[in-house]
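The values are calculated or read from the model by the stated rules, or taken from the named source; none is laboratory data. Fair warning: this is a prediction, and the values are worked out from it, not measured in the lab. Glycine gets a Cβ as well: all are built from the backbone with ideal geometry, and neighbour counts include every protein chain shown. When the accessible area is computed, the model is the full protein with side chains, heavy atoms only, and any ligands, DNA or RNA have been set aside. Shrake-Rupley method; radii C 1.70, N 1.55, O 1.52, S 1.80 Å.
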Amino acid sequence: MRNRVLLFLVACASLAAWGLAFLTVAPNRLASGTTVPLAQVLDPRHGLLLLPAAVLVLGVFLRQRRRTHVAVVVSAAALLFGLAWLAGGYAARLAETASAASRTALGGGFWLLALTAWLAAVDAVERMRLGPVAAALVHLAVLTPVAALLAAGELGQLSLLREYATRKDVFAGALLRHIEIVAASLLPTLAAGIPIGIALYRRAKLQAPVFAVLNVIQTVPSIALFGLLMVPLALLASALPGLRHVGIGGIGMAPAVIALVLYSLLPVVRSTVAGLAQVPRPVVEAATGMGLTRGQVFRKVELPIAMPVFLSGVRVAAVQAIGLAVVAALIGAGGLGALVFQGLASGALDLVLLGVIPVVALAIAADAVLRLLAGRRVTAYG
């Protein structure tokens, strides 16, 4: 049977390889530059780099066995490494003769090829049905060769890395600020969302009105909610000047955190209710019959069984907060969104990517960690 997912990815990669620019070369960081197709970057010395691509094509038609999936994972990792090595090497050769202001940027073809290779590895790992820890290790192994290239400085002449080199301190501060915003929103979300979820589980009549309110909050666009919070917080800070000394005002961290808390409540509250609701009643009755108090039943029986579903809600809230924190930069909260909007305003695509790529990486990392924790809980109590 054909692997239709891999077939679709191979088709997208083929279109990207021949229809989109692999690299772009510009005289400076703001100019659009000229496109460089993949065929121009490849030469006979790079023939071995086509072998991983050929294996991925064969993987579409081979019988879908475990060794086929292993071959797809290895080939995807090799293709990712090869693409990055090609781009870095071409940029380094151009840097030897071009002016210091010239930039070699990764084109749309590179990004789509890299994305399809990574998704091919993800699909193969899913089909291998590995445990949570083993799957996470395989995903890390796929990205390790590219990380080794970065660590060795082989990609240093690419415009994205040159942009990072000139803004290293700014980037570090923005990344730390972004993490602070997300952490400052998730902690109160958990502190409020878990008790609300427990209360709604025990009082089912309240679920409909509370979920209706939380659903309405989710429908409000993020920038609109940030704007709605600015005026009352500004008035509150004017009435109580002492609040300004703790960072509460119409702009900055306060409205960003409050808005993110409001957005994050729905997945946390809903997962808490759903997790407790799926605890088998005979198990609860058996624990009660053994003499456990209501609090002991909750801590020792209901909470452990509900934990995987609850962690899935926390995972959604965390990924959502990481993404929405980008928009919070528009109201002065800072973070990686400041780099994104600064790049958009100046037309500097590399600066935009310098803000976007870490956001994507943070979201993937948070999703993977929480998915791993949920998987371990399912294994422990399944």
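Side notes on the structure shown:
- Residue match in the stretch 77-94 (condition: more than 27 Å from GLU163 (Cβ to Cβ), modelled with pLDDT of 90 or more and not charged (D, E, K, R)): yes
- Test result for VAL60, farther than 21 Å from VAL146 by Cβ, open to solvent by 60 Å² or more (accessible area, probe 1.4 Å) and in a helix (DSSP H, G or I): no
- Residue match in the stretch 291-305 (condition: among the hydrophobic types (A, V, I, L, M, F, W, C), open to solvent by less than 10 Å² (accessible area, probe 1.4 Å), in a helix (DSSP H, G or I) and at pLDDT 85 or above): no
- Unique residue being crowded, with 20+ Cβ neighbours inside 10 Å and not in a helix (DSSP H, G or I) when the list is ALA87, ALA105, ALA31: ALA105
- Only a single item in (1) touching a Leu at 6+ places or on another chain (Cβ under 9 Å); (2) open to solvent by 70 Å² or more (accessible area, probe 1.4 Å) is not met by THR97, and it is number (1).
- Checking each residue in the stretch 113-140 for being within 30 Å of ALA39 (Cβ to Cβ) and surrounded by fewer than 19 Cβ atoms within 10 Å (Cβ to Cβ) picks out LEU115, LEU119, VAL122.
- Here is the figure for the stretch 141-174: residues that are under 15 Å from ALA87 (Cα atoms) and in a helix (DSSP H, G or I) total 11.
- Residue list for the stretch 321-343, restricted to those being at pLDDT 90 or above, open to solvent by 10 Å² or more (accessible area, probe 1.4 Å) and either in a loop (DSSP other than H, G, I, E, B) or farther than 21 Å from ALA363 by Cα (or both): GLN342
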